[in-house]
Amino acid sequence: MTSAPSLMTVWPTPLMSRDRADGSALDPTDEQLAIRARDGEKLAFNQLMQRHAPRLVQFLERQVGGRADAEDVAQNTFIAIHRNLARFDADKSFVTWMFFIARNKAKDHHRRRAVLNWVGFEDRTEIMPSEDPDPETAVGDKADLARADALIRALPEGLRTPLLLSVLEGLSLAEIGAAMGISEKAAEVRVYRARKKLKDDFYCEG
């Protein structure tokens, strides 16, 4: 399968329609384009992005706040779609499938932001800013997210699990302890150690 094209490289390109022999326009359906893309036709996937990128970004702006974040999540959505084309059911609506994936990607975005705020990496920012940051700040925020993700994955399982159960799942310390087979106090200590290690590693690397 070919690599997924970049969101921004296809937006400015006008949607190209195929023509019937009599010269009338014949636009393939989304589902037909998805099947062609699944079979390796790069242009078909570009057409899907041209058709739906603007409405997808508009939808995601309401979900994540800010144009830059919305475009970033839209890009991740199309990458996920491209990677999972083999699973697409042509008897179902492509648009419905697209928005289902987009909602999950928006949730992932909020989870990463929640971890950063909980640990204290973003004391100076809001989870959902009302206005787009300047380009330099936007690039810096994305880099911080990527670094935090890498540091979380690098945590020992005994620290990573209680952290994620606390921040992402909202479990209490007692519930975390029960899930991990440890005491509530031990769960509290592990969550504290996970937070401290993340902050120390984050600022040490920075």
Under 13 Å from the Cβ of Glu175, count the other residues' Cβ atoms, weight Lys and Arg +1, Asp and Glu -1, and hand me the total. -3
Determine which lysines satisfy two conditions relative to Lys185: a Cα distance under 17 Å, and not lying fewer than 8 residues away in the same chain. Lys196
Which length gain, in nm to one decimal place, applies between Ala178 and Gln32 when the Cα-Cα distance is subtracted from 0.36 nm times their residue separation? 47.6 nm
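Taken together, the values in this text are just the output of simple stated rules run on the coordinates, not laboratory data. Predicted model only: the values in this text are computed from it and were never measured. Heads up, the Cβs are rebuilt from the backbone with ideal geometry, glycines too, and the neighbour counts pull from every protein chain shown.
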